[in-house]
Every structure is written in C-alpha cells, then in structure tokens.
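J.: Here you go, one structure.
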C-alpha cells in the first residue's frame with residue numbers, strides 16, 4: 001500500500017494550462033499517475049498533453065465522475081478560490097503547490113476542509129510520491145529521474161523541506177532502502193497535512209514499517225508528533241533529523257514557517273521531545289541512512 005496516493009487515485013489538475021501546470025502534468029502522466037483532465041477558467045474545450053480542459057471542477061466532474069485528488073497550480077492569490085471550488089465539487093485531497101498563499105486564506109481552506117472531511121497538503125509543497133505507483137505535484141522533477149532515485153519499499157518519509165524530502169529518498173534508495181511514500185508537508189507556518197498527520201497515516205499503513213521525519217525550527221509540528229509517540233498513538237519506529245541547530249531566537253531558517261519565537265519552536269525543544277518519546281534523533285543529516293538501516297535490520 002501507500003498513503004494519500006497510488007496508481008488508482010483519480011486526479012485532476014487545476015491550472016493545467018499554465019507553465020507549471022503543463023510541465024508538472026507531464027511528470028505525473030509519465031510516472032503513471034491517473035490524471036484524467038484539468039481545469040482553467042476560460043480555457044474549456046482545449047487540451048493539454050491529450051487531456052481535456054474544462055472551465056470548472058464541477059464541469060469536469062460531470063464528464064468524468066468524482067475525483068480523489070486535485071493538484072493546484074494557480075497564482076497564490078487564487079489558491080483559496082480554487083481549493084474551495086474543488087472541495088465543493090467533492091474532491092477530498094488537495095495538493096496546494098504554490099508558496100506565499102495568505103495565511104488567512106489557508107485558515108479558510110482548513111475550516112472548509114474540516115467541515116466535510118477533506119485534507120490538503122501544503123501550501124508551498126512539492127507534493128507526495130509513492131514510488132512505483134504515482135506522484136501528485138512535482139517531486140522528482142522528471143519521471144525518469146523519479147524512477148531512478150526512489151525505490152519502492154517499506155519506509156515512509158515526511159519532511160518540511162522539499163529538497164530534503166527528495167534528498168532523503170535518494171540517499172535511502174542509494175543504500176537499498178525502499179520507500180512506501182514520501183510527503184513534503186510544506187514549508188509554511190500553517191499547513192494542512194502536517195507531521196502529526198503523516199505519522200498517523202504511516203502508522204495505519206500496513207506496508208510502512210519505519211517512519212523518517214525531517215523537521216526544523218518553528219511551529220510545534222515535531223512536538224505534537226512526539227506526543228503521538230509518547231501516548232502510544234504512533235508505535236512504529238521513527239528516525240528523525242531536526243535542522244536549525246545553530247539558529248537563535250528570532251532567526252528565520254529558510255522557510256516561512258521556520259522561525260524561532262521566544263521559547264517556542266526551538267531546535268532543543270524538538271530534539272528533546274522526540275528523544276524522550278522514543279525516536280532515534282540523529283545529529284547529522286548524513287547519519288540518517290545508517291540509522292534507518294539499523295532500525296530496519298532490528299525489525
């Protein structure tokens with residue numbers, strides 16, 4: 001199995017006629033993702049890579065039936081409108097690729113999603129990839145690279161950095177450690193599918209044995225993940241690396257959500273919480289593959 005996406009997931013692309021929409025739709029199709037169509041207001045009746053384009057998600061549903069997921073490639077100010085449109089049309093998994101989406105807009109999306117039981121990844125995300133099955137978003141860049149870099153297997157990866165998500169997958173696969181699913185939860189302060197969400201999803205996945213998590217300073221995602229481990233909600237072994245060891249209070253570390261404010265979100269608090277909850281926390285990123293291999297061997 002995998003979490004969030006597999007080869008049967010029915011996908012549409014909102015903003016398919018834009019530059020990013022076209023390029024990333026090609027990636028998804030070439031990798032084997034079941035993309036059925038796309039939408040762009042005012043561009044209905046056209047085609048992209050042989051896929052029909054509709055003006056609205058509702059119109060796409062009329063022609064193709066229900067969709068499991070929508071990948072959204074529209075300018076940041078239009079993400080809320082696109083997300084709410086998809087939710088209203090019955091889509092229950094959204095991938096919000098753009099960055100700089102206003103926080104208030106994300107909160108509105110989150111409330112609407114909560115009311116109907118939908119989920120969203122991002123914003124500011126590369127998406128999700130289940131090796132050998134499907135990709136939503138832009139992870140891997142090109143299908144041939146994604147196939148070479150990421151081997152299928154039984155280790156789940158979640159990360160707050162897009163580049164680090166790919167790096168973890170690459171270095172684990174290079175060591176012969178296969179992956180069930182890789183999720184870039186997004187680099188913003190407010191995201192939908194967070195580290196705690198990912199840990200619970202991997203816990204429920206019978207084909208994931210080990211969870212690898214890349215965290216960083218800012219927000220409380222890692223501490224909340226540690227609570228799930230401490231209270232027994234998550235029982236599978238977790239190997240983690242937390243970036244930002246040298247960051248001082250008030251320092252922003254690469255991503256919008258990675259900023260230490262007062263005593264909250266520090267590197268020390270995250271490492272302590274995860275370590276006390278039983279995670280294997282490595283001090284160097286380069287140590288991740290060896291640490292994961294040791295955990296896999298011990299199962």
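Just so it is clear, none of the values below were taken in a lab; they were calculated from the coordinates. Nothing here was measured: the structure is a model prediction, and the numbers come from that model. Using ideal geometry, Cβ is built from the backbone for each residue, glycine included, and neighbour counts are taken over all protein chains shown.
J.: Given N residues in the chain, what is its alpha carbon radius of gyration divided by 2.2 N^0.38 Å?
T.: With N residues counted in the chain, Rg over 2.2 N^0.38 Å equals 0.97.
J.: Could I ask something else about it? Helix 288-298 sits at what angle to the longest principal axis of the chain, using alpha carbons and giving 0 to 90 degrees rounded to 10?
T.: So the helix axis and the longest Cα principal axis differ by about 80 degrees.
J.: Now for a different question. Could you give the nm distance between label points at residue 144 and residue 224, where each point is 7 Å from its Cα heading toward the beta carbon?
T.: In this crude label model, residue 144 to residue 224 measures out at 4.1 nm.
J.: So for 147, 24, fewest C-beta neighbours within 10 Å to most, what's the order?
T.: 147, 24
J.: Kindly provide the helix-only [θ] at 222 nm of the chain, computed as the sum of -39,500 (n - 2.57) over DSSP H runs of four or more divided by all residues, to the nearest 500 deg cm²/dmol?
T.: Helix contribution divided over all residues of the chain: -10500 deg cm²/dmol.
J.: Next question, about the same structure. Extent of the range 11-121 along each principal axis, from alpha carbon coordinates, in Å, largest to smallest?
T.: That gives 36, 28, 28 Å along the principal axes, largest extent first.
J.: For the range 158-189 and the range 270-295, write down the distance between their C-alpha centroids in whole Å.
T.: 15 Å
J.: Treat the count of other C-beta atoms within 10 Å as a stand-in for reagent exposure and order 37, 280, 158 from fewest to most.
T.: The fewest-first ordering by Cβ neighbours comes to 280, 37, 158.
J.: I need the fraction of alpha carbon pairs in the range 150-298 separated by more than 27 Å, rounded to a whole percent.
T.: Considering the range 150-298, 13 percent of its Cα-Cα pairs are separated by more than 27 Å.
J.: Pull up the DSSP beta bridges for the chain and report the antiparallel fraction as a percent, rounded to 5.
T.: In the chain, approximately 25 percent of DSSP beta bridges are antiparallel ones.
J.: Neighbouring Cβ atoms within 10 Å as the yardstick, rank 219, 56 fewest first.
T.: Arranged by neighbour count, lowest to highest, 219, 56 become 56, 219.
J.: Label the range 140-230 by shape, choosing from rounded, prolate and oblate, from the square roots a ≥ b ≥ c of the eigenvalues of the Cα gyration tensor; if a/c is under 1.5 it is rounded, and otherwise prolate applies when a/b is larger than b/c, oblate when it is not.
T.: It comes out oblate by the Cα gyration axes.
J.: When a/c reaches 1.5 or more, the comparison of a/b and b/c decides; with that in mind, is the range 189-235 rounded, prolate or oblate per its Cα gyration tensor?
T.: Note, shape of the range 189-235 comes out prolate.
J.: Taking 0.36 nm per residue of separation and subtracting the Cα-Cα distance, what length does fully extending residue 78 through residue 174 add?
T.: 30.6 nm
J.: Count the DSSP beta bridges whose two residues both fall in the range 101-223, then state the antiparallel fraction as a percent rounded to the nearest 5.
T.: Roughly 40 percent of the DSSP beta bridges within the range 101-223 come out antiparallel.
J.: At q = 0.21, 0.29, 0.30, 0.31 Å⁻¹, what is the base-10 log of I(q)/I(0) for the range 133-178 according to the Debye formula with one equal point scatterer per Cα and no solvent? Please give it to two decimals.
T.: Debye output, listed in q order: -0.68, -1.29, -1.36, -1.41.
J.: Grab the alpha carbons of the range 85-220, take their convex hull, and tell me the volume per residue in Å³.
T.: Hull volume normalised by residue count: 113 Å³.
J.: Take every DSSP beta bridge with both residues inside the range 11-121 and express the antiparallel ones as a percent of the total, to the nearest 5.
T.: Of the beta bridges lying entirely in the range 11-121, close to 10 percent run antiparallel.
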